[in-house]
Amino acid sequence: MNGLEFVQSLRSVDLPKKIPVIMITTEGSPDKITEATISGVDGFLLKPVTTESIRDGLKNYLSRA
């Protein structure tokens, strides 16, 4: 199972509260981002990740949540 399949599977389960998913990937093309968003990903971090990029990605997600 790849990351997109995992997110699709997670989103198909009837959970009482949505679990946020931030994907860490090397796939940063617009088509891949659109595909992941449609699959239910809440945010993206492109590899290589740093402590700062994780912090900034989480802040970005939380500001929209």
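Just a few scattered comments:
- When the test is whether a residue is in a loop (DSSP other than H, G, I, E, B) and either among the basic types (Lys, Arg) or under 19 Å from residue 58 (Cα atoms) (or both), residue 17 passes it.
- Selection from segment 19-65 of residues that are surrounded by 10 or more Cβ atoms within 10 Å (Cβ to Cβ), under 20 Å from residue 2 (Cα atoms) and without any contact (Cβ under 8 Å) to a residue 12 or more places away in the chain: 19, 27, 32, 33, 34, 37, 38
- Any hit, segment 57-64, residues being modelled with pLDDT under 90 and touching an Asp or Glu at 6+ places or on another chain (Cβ under 7 Å): yes
- Residue match in segment 50-58 (condition: of a type in the set (A, V, I, L, M, F, W, C) and in contact with a helix residue (DSSP H, G or I) (Cβ under 6 Å, 6 or more places away or on another chain)): no
- Number of positions in segment 15-49 that are touching a helix residue (DSSP H, G or I) at 6+ places or on another chain (Cβ under 9 Å) and hydroxyl-bearing (Ser, Thr, Tyr): 2
- Residue match in segment 20-28 (condition: in a loop (DSSP other than H, G, I, E, B) and closer than 20 Å to residue 65 by Cα): yes
The values are calculated or read from the model by the stated rules, or taken from the named source; none is laboratory data. Just so it is clear, the structure is predicted and the values come from calculations on it, not from any experiment. As a convention, Cβ positions derive from the backbone with ideal geometry for all residues, glycine included, and neighbour counts pool all protein chains shown.
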